[in-house]
Amino acid sequence: MAAKIVKTPFLVNDLVVYFVSPRVAHVVEVDCRIELTTTPESCTCCTFRFRSRLDPGFRCRHIEAVRQVLEQARRADPGSERVICGH
């Protein structure tokens, strides 16, 4: 399943999530203004970098988009959760 999400673009609202590995994605706004490197736990956006210092549990919309794609992939192929999440 992990191979199915890598190098496949997923549209999540106004974001395109493109996994470059099972845990790392490039997240791009549909107008292609900026490309961010995002995992389920971190993001290179300035919102995450600053807000996560004040609130360690903060998740920006890019992290939420990555998590949404991973969750949908896990539901589609339940046995693959171990491969995607590295557990």
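Collect the residues in the range 52-69 that are aliphatic (A, V, I, L, M) and either in contact (Cβ under 8 Å) with a residue 24 or more places away in the chain or surrounded by 15 or more Cβ atoms within 10 Å (Cβ to Cβ) (or both), keeping them in residue-number order.
Hits for the range 52-69 are Ile63, Ala65, Val66, Val69.
What strands (runs of 3 or more DSSP E) lie completely within the range 1-59 and have 2 or more residues being within 13 Å of Leu70 (Cα to Cα)?
9-12, 15-19
Any read-out appearing in this document is the output of simple, stated calculations on the displayed coordinates, not a laboratory observation. The structure presented is a predicted model; accordingly, all values stated were derived computationally and were not measured. Because the Cβ atoms are built from the backbone with ideal geometry, glycine has one as well, and the counts that use them run over all protein chains shown.
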